[in-house]
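The values are calculated or read from the model by the stated rules, or taken from the named source; none is laboratory data. In this text, all values refer to a predicted model and were calculated from it rather than measured experimentally. Ideal geometry is used to build each Cβ from the backbone, glycine not excepted, and the neighbour counts take in all protein chains shown. Side chains are part of the model used for accessible areas, which takes the heavy atoms of the whole protein and leaves out ligands, DNA and RNA. Shrake-Rupley method; radii C 1.70, N 1.55, O 1.52, S 1.80 Å.
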Amino acid sequence: MKNNQIISIENVIKRFPMGKGEFTALDGVDLTFGKGEFAGFVGPSGSGKTTLLNVIGSLDTPTQGKATVLGQSVGDLSEKNAARLRNEHLGFIFQTYNLLPVYTVFENVEFPLLLLKMPAADRGKAVLDALEWVGLSDKEKSKPAQLSGGECQRVAIARAMVKKPKIVLADEPTANLDAKNSHRILQTMETLNAELQTTFLFATHDDKVIRYLHRKITLEDGRVAGDEV
Amino acid sequence: MKNAMLLFSIKGLLRDRSRSLFPILMVSAGAFLCVCLHSSMKGTVTDMVDSAARFDTGHVKIMTRVYNELADQMPNDLALMGVGNLLEKLKRKHPDMIWTPRIKFGGLLDIPDENGLTRTQGPVFGIGVDMSARHSPDTKILNLEKALVRGRMPGHKTEILISDSFARKLDLKIGETATLLGSTMYGATTTYNFKVAGTVRFGMTPLDRSTMIADIDDVRMALDMADSAGEIMGYTNDMLYDDKRMTGIADAFNRDFADPDDEFEPVMQSLGEQGMMRDLLRLVNVMVAIVVSIFVFAMSVVLWNAGLMNGIRRYGEIGVRLAMGESKGGLYRSMIVESVCIGIAGSALGTAAGLAVSYWLQQNGIDFSSMMQKSAILRSSVWRAQVTSVSYYIGFLPGVFASVIGTMFAGIGIYRRQTSQLFRELEV
Ligand SMILES: Nc1ncnc2c1ncn2[C@@H]1O[C@H](COP(=O)(O)OP(=O)(O)OP(=O)(O)O)[C@@H](O)[C@H]1O
Ligand SMILES: [Mg+2]
């Protein structure tokens, strides 16, 4: 195994109960990712992209097989330790931004740092840095409702990046954005990937995203059908 | 750092009206009702106790042992003798209390026409009260001056007060003569002429039907009861009943008169020891507890529902917070903290409003006299609330409990769901 490997998926199977039987969403996935990758899962709807991201993000556990993230086996983590893993090392970006509507941009980005129990002075600086990365320094006092979709997604990126996580998981981050905004945020993420060596994993069927990917993994019916660099 | 998180939660609460305003209003409504309920029940009981004390039981009351056993029949043949002496002793021993003798008696009140023949007649319930002094304490204890409807207070020998409705029924006018037909302490029949000085209404149905109030010296003359009295009432100076203290005084008194063979020996009983007063007080406390529990339960259910709806609305937030690494326990705790804040804020608001209303009801009262014609319980027809120290915190019990319990139930959903399931729901 490579030295800088941070994620390994070994024969992961994920089944969901469905009616009387079961539905197999992931059917024996084997993959590894190294530090600083900019990779994405593509494939038709229902092929298991989100499910795989959830397993890697320790939001879900594999039914069989082993998913190891930063040396920790996701299936064996307690709820608390899974939370800690997410807290310390993972950042999430969602299709539907999921900003907290009652809080300002600044407070939204600050939130993960509160969970990390970072001192106030450090928090302020980190938040302003993160907002600068995504070009929203002038909007720190705005509420999400006052922002455009693209701006909201940039806030979400800042929120995922503010703690400089090792891995960022982005599920359809551009689905609600127009071409111009999609390129903007992808460029932002590419830059952050280069500067901070953050590993980015996408789930997408958006061509605009796919063009940016350094590695494209195709899923079909819960199986890896292609893995191109 | 804990504070930063708490501050963050509170900021969110304040900004999100649906999370704060509605639950706070809910809680304050409940707290308000609890406070009002408590103070009005308290007021009712205090009023009942106070009325009973003034007219019937005293704070303590002395009778002979046998009189006590047959008290319902007003057996004046069993009355206390040597009352003057006993009063002297009592006043010396308890100078901080009011001691006053009374005689209760029954009989017929006969109203003669100008020829001295019976014009009308009716059974009467009489109370002989010490009205000798210009400002005798008992006149005040019975609120006689306030109760006066027509005429004036008795100032001369043989003058009496009589229930206003009784006077109307007998067509009795101020200044007319009324003859009491009764029996003396020794069982002989007696007639005695009184003169009506005024009419009274106490606002207490049992007393307002057919009562006459005479000076105790006249009653002693009429019933041949020199230096006797059916009862000696004792009251604290401030007219506030203290069960422990009064029972203590009664016990001490009874130790001095402990001859079990002498059934004419005086016995003293505190208000709590008479009739069902103590049971009544307990009953009321139990009722308050039950009603408050029902409130807690009902409000919990409502807040639980509100919490559930809120929870669904907040799946987005919950999902994001879990994704960012807050543990389910941490999330649950922060929701509980929020609910405590809401509980306290709502309770404070509701308690303030409840106290305002209760104080108003304590000062002004509501007159229910027209609705209480048939009541046989001795209580005044002006209903008042009473604010006690308990009124200040009783609203917080249901307020905070309901809010927290409601949130706890609502929050269980977070635990039961798979984290990824929460996401699935928030993405739809
Ligand atoms: N909790 C669940 N219970 C039952 N079935 C589920 C659950 N989660 C996912 N599935 C099923 O697993 C399959 C894969 O779902 P997944 O969300 O991973 O697809 P996807 O590749 O992300 O699709 P899309 O591109 O539409 O987002 C789907 O058929 C879905 O119905
Ligand atoms: Mg998906």
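Below is a table of values for the structure above.
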{"read-out": "Residue in the range B:327-336 that is closer than 17 Å to B:TYR415 by Cα, modelled with pLDDT of 75 or more and away from chain A (no Cβ under 14 Å) present", "value": "yes"}
{"read-out": "Matching residues in the range A:50-73 - criterion: being crowded, with 16+ Cβ neighbours inside 10 Å and more than 20 Å from A:GLN5 (Cβ to Cβ)", "value": "A:THR50, A:THR51, A:ASN54, A:LEU59, A:ASP60, A:THR61, A:THR63"}
{"read-out": "Among (1) within 16 Å of ligand 1 (Cβ to nearest atom); (2) touching a residue at least 40 places away in the same chain (Cβ under 8 Å); (3) under 20 Å from A:PRO165 (Cβ atoms) - the single one A:GLN64 does not satisfy", "value": "(3)"}
{"read-out": "Single residue of A:LEU52, A:LEU59, A:LEU85 found to be within 29 Å of A:LEU116 (Cβ to Cβ), away from ligand 1 (no atom under 16 Å from the Cβ), among the hydrophobic types (A, V, I, L, M, F, W, C) and within 13 Å of chain B (Cβ to nearest Cβ)", "value": "A:LEU85"}
{"read-out": "Within the range A:33-49, considering residues that are away from ligand 1 (no atom under 11 Å from the Cβ) and either part of a strand (DSSP E or B) or among the charged types (D, E, K, R) (or both), the one nearest to A:ILE7 (Cα to Cα)", "value": "A:PHE33"}
{"read-out": "Residues being more than 16 Å from ligand 1 (Cβ to nearest atom) and more than 14 Å from the chain's Cα centre (by Cα) - total across the range A:1-32", "value": "11"}
{"read-out": "So B:ALA79, is it under 30 Å from B:ASN285 (Cβ atoms) and either in contact with a helix residue (DSSP H, G or I) (Cβ under 9 Å, 6 or more places away or on another chain) or open to solvent by 30 Å² or more (accessible area, probe 1.4 Å) (or both)", "value": "no"}
{"read-out": "Residue that is more than 12 Å from chain B (Cβ to nearest Cβ) and either of a type in the set (A, V, I, L, M, F, W, C) or more than 19 Å from the chain's Cα centre (by Cα) (or both), where the choices are A:LEU70, A:LEU77, A:LEU114", "value": "A:LEU70"}
{"read-out": "Qualifying residue in the range B:231-246 (condition: assigned to a helix (DSSP H, G or I), free of Cβ contacts under 8 Å to residues at least 24 places away in the same chain and of a type in the set (A, V, I, L, M))", "value": "no"}
{"read-out": "Residue that is surrounded by the fewest Cβ atoms within 10 Å (Cβ to Cβ), among those in the range A:96-110 that are at the interface with another protein chain (Cβ under 7 Å from one of its Cβ atoms) and within 27 Å of A:GLY40 (Cα to Cα)", "value": "A:THR96"}
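The rows are residues; the columns are (1) in contact (Cβ under 8 Å) with a residue 60 or more places away in the chain; (2) among the hydrophobic types (A, V, I, L, M, F, W, C); (3) under 18 Å from A:GLU220 (Cα atoms); (4) touching a strand residue (DSSP E or B) at 6+ places or on another chain (Cβ under 9 Å).
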position	(1), (2), (3), (4)
A:ASN11	no, no, yes, yes
A:LEU31	yes, yes, yes, yes
A:VAL42	yes, yes, yes, yes
A:LEU53	yes, yes, yes, yes
A:ASP60	no, no, no, yes
A:ALA83	no, yes, no, no
A:GLY91	yes, no, no, yes
A:THR104	no, no, no, no
A:ASN108	no, no, no, no
